[in-house]
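Quick notes on the structure that follows.
The values are calculated or read from the model by the stated rules, or taken from the named source; none is laboratory data. Since this is a predicted model, take the numbers as computed values, not measurements. Here Cβ is always computed from backbone atoms with ideal geometry, including for glycine, and neighbour counts include all displayed protein chains. These accessible areas exclude ligands, DNA and RNA; they are computed on the full protein's heavy atoms, side chains included. Shrake-Rupley method; radii C 1.70, N 1.55, O 1.52, S 1.80 Å.
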Amino acid sequence: MSSHGPAAPMTAHRAGPLTGTAHVPGDKSISHRSLILGAMAVGETRVTGLLEGQDVLDTAKAMRAFGAEVARDADGIWRVHGVGVSGFSEPEDVIDCGNSGTGVRLIMGCMATTPISATFTGDASLRSRPMGRITDPIALFGARSYGRKGGRLPMTIVGAATPVPVRYATPMPSAQVKSAVLLAGLNAPGQTVVIEKEATRDHSERMLAGFGAVVTTEDTDEGRVITLTGQPELKPQTIVVPRDPSSAAFPVCAALITEGSDVLIPNIGLNPTRAGLFATLREMGADLTYENERTEGGEPVADLRARFSDSMQGIEVPPERAPSMIDEYPILSVVAALSTGKTVMRGVKELRVKESDRIDAMARGLEACGVTIEEDEDTFIVHGMGAGGVPGDATAAARLDHRIAMSFLCLGMAAQKPVTVDDAGPIATSFPIFVPLMRELGARLEDEAAR
Ligand code: S3P
């Protein structure tokens, strides 16, 4: 199944306290967008703090294939020489986006209004994910797509030669869909409008404005209406990528569930479209504080301090909060298993089409560790066993999904007996330093292949 080399099983053992400071890598969403918008600007964009995970490296490679120059300096600064919103050239080879849904969907959007064709593929996980959510709206601009049955990769997109602007209501809460439409709108004349019923992460809107596009956002009875004026000349930017709240979630939650822990996670963006997990944890009674709260680059930022919390209570997570914590349900379900009472997560069917079916992946692995689960298509319920109450002693399948692998390794730090994941390799897609960072805090993570 794996396309990153042989599976790398790893076991997490119950850890002593986790203590110290955890500097997590740059934000994945903002890193992809920095490279893509940099490639569509005219001139040199410089990016500091880019996440150098495989997903983002695959996007860098793709931008080169479309004609942009993308290079990393010895000092870790990335330079992107963009070709303009209409300047993409036709790639000579297939674009392999690896494991990254964000990468492939945003890139399909940004080439859809240029008269070139490109064929996209990815690993087994990405080839199983639906692309109709992108090909439907880009067809309205005039692009054509030829994929496998069910709208799966590999897929060829033929960009529109004479694109028209589009007004599109997203059928599901998805920042990837919204962003693909906005990126396609960049090379269409007139105004492209996206309407979303529930607000999703707004990095594309903020960054497009930063690059000099005219983009407005209005909250109306219909939902959030985003209007982009097409065919701007994007101005190159100097970008400092903030640290990723979705990566911070792992050391935060590991500290909350592991006895005696006290961990500081500095400089985490608390953009309200991303910070739902932290609000939820605080409602559950987590000892999670925001220190040194400030504003950086127009975004709220804080240092997070997470301490072992032995009396967290399950809650009903407000379904309207789902878009702001969509990637965090796997690790929340681990915290829920070590809390008292039920944690009820409704309105979460989008989890079924992530890098894996995340409800199924977490449910099966948690059950193997002794936790009681209830689920239906759109609901996930975890019956908590209290702090230290999860037996563990099981192997969970990572299913080519970085967040599933990291979630079960965090569970193993606090379960009574070790927890193994069958493949820790996918962690490199988003959080390549996860293992050394957690070991530095005191985690016991054993590489099974090395034994
Ligand atoms: C992302 C959007 C989300 C999220 C993904 C990153 C983005 O996906 O799960 O990890 O950067 O736009 P959806 O838009 O499919 O919800």
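Could you tell me whether region 346-359 includes any residue that is under 16 Å from the mean Cα position of the chain (by Cα) and small (Gly, Ala, Ser)?
Yes, that holds for at least one residue.
Of all residues in region 403-451, which are modelled with pLDDT of 95 or more, open to solvent by 20 Å² or more (accessible area, probe 1.4 Å) and of a type in the set (Lys, Arg)?
Once the filter is applied, which keeps residues that are modelled with pLDDT of 95 or more, open to solvent by 20 Å² or more (accessible area, probe 1.4 Å) and of a type in the set (Lys, Arg), region 403-451 yields 417, 439, 444.
Step by step: first the residues of region 374-402, then only those that are within 26 Å of the chain's Cα centre (by Cα) and within 22 Å of residue 423 (Cβ to Cβ), then the one that is most open to solvent (accessible area, probe 1.4 Å). Which residue is that?
395
Assigned to a strand (DSSP E or B), open to solvent by less than 10 Å² (accessible area, probe 1.4 Å) and touching a helix residue (DSSP H, G or I) at 6+ places or on another chain (Cβ under 8 Å): is that true of residue 239 in this structure?
No: the conditions fail for residue 239.
Could you list, in sequence order, the residues of region 142-183 that are closer than 20 Å to residue 30 by Cβ and open to solvent by less than 40 Å² (accessible area, probe 1.4 Å)?
Of everything in region 142-183, those that are closer than 20 Å to residue 30 by Cβ and open to solvent by less than 40 Å² (accessible area, probe 1.4 Å) turn out to be 174, 175, 176, 177, 178, 179, 180, 181, 182, 183.
May I ask you to list the residues in region 175-209 that are touching an Asp or Glu at 6+ places or on another chain (Cβ under 7 Å) and within 13 Å of the ligand (Cβ to nearest atom)?
Those that are touching an Asp or Glu at 6+ places or on another chain (Cβ under 7 Å) and within 13 Å of the ligand (Cβ to nearest atom): 178, 198.
Can you pull out every residue in region 249-274 that is open to solvent by less than 20 Å² (accessible area, probe 1.4 Å) and of a type in the set (A, V, I, L, M, F, W, C)?
Result: 249, 250, 252, 253, 254, 255, 256, 257, 263, 265, 268.
Test of understanding: among 56, 83, 42, which residue is without any contact (Cβ under 8 Å) to a residue 60 or more places away in the chain and away from the ligand (no atom under 16 Å from the Cβ)?
After applying the criteria, what remains is 83.
If a residue has to be touching a helix residue (DSSP H, G or I) at 6+ places or on another chain (Cβ under 8 Å) and over 14 Å from residue 270 (Cβ atoms) to count, how many in region 285-305 make the cut?
Residues meeting the conditions: 2.
Going residue by residue through region 316-329, is there one that turns out to be assigned to a loop (DSSP other than H, G, I, E, B) and open to solvent by less than 20 Å² (accessible area, probe 1.4 Å)?
For region 316-329, residues assigned to a loop (DSSP other than H, G, I, E, B) and open to solvent by less than 20 Å² (accessible area, probe 1.4 Å): absent.
Against the conditions (1) closer than 30 Å to residue 445 by Cβ; (2) away from the ligand (no atom under 16 Å from the Cβ); (3) hydroxyl-bearing (Ser, Thr, Tyr), where does residue 156 fall short? Just the number, please.
(1)
Going through 392, 365, 347, 388 one at a time, which residue ends up being of a type outside the set (Lys, Arg), on the phi > 0 side of the Ramachandran plot, in contact with a strand residue (DSSP E or B) (Cβ under 7 Å, 6 or more places away or on another chain) and assigned by TED's automatic domain parsing to the domain that holds residue 419?
On inspection, the qualifying residue turns out to be 392.
When region 59-69 is examined, which residues are found to be more than 16 Å from the ligand (Cβ to nearest atom) and out of contact with any Gly (no Cβ under 8 Å at 6 or more places or on another chain)?
61, 64, 65, 66, 69
Does any residue in region 12-29 that is within 16 Å of the ligand (Cβ to nearest atom) come within less than 6 Å, Cβ to Cβ, of a residue that is aliphatic (A, V, I, L, M) and modelled with pLDDT of 95 or more six or more places away or on a different chain, and which pairs are these?
Correct list of pairs: 24/248; 25/51; 26/50; 26/51; 28/51.
Could you list, in sequence order, all residues of region 285-314 that are part of a loop (DSSP other than H, G, I, E, B) and either in contact with a strand residue (DSSP E or B) (Cβ under 6 Å, 6 or more places away or on another chain) or surrounded by fewer than 18 Cβ atoms within 10 Å (Cβ to Cβ) (or both)?
Residues satisfying the conditions are 285, 297, 298, 309, 310, 311, 314.
Here's the yes/no breakdown for (1) open to solvent by 10 Å² or more (accessible area, probe 1.4 Å); (2) more than 22 Å from the chain's Cα centre (by Cα):
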{"site": "6", "(1), (2)": "yes, yes"}
{"site": "12", "(1), (2)": "no, yes"}
{"site": "55", "(1), (2)": "no, no"}
{"site": "66", "(1), (2)": "no, yes"}
{"site": "93", "(1), (2)": "yes, yes"}
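Report yes if some residue within region 75-86 is buried (at least 23 other Cβ atoms within 10 Å of the Cβ) and assigned to a loop (DSSP other than H, G, I, E, B); otherwise report no.
yes
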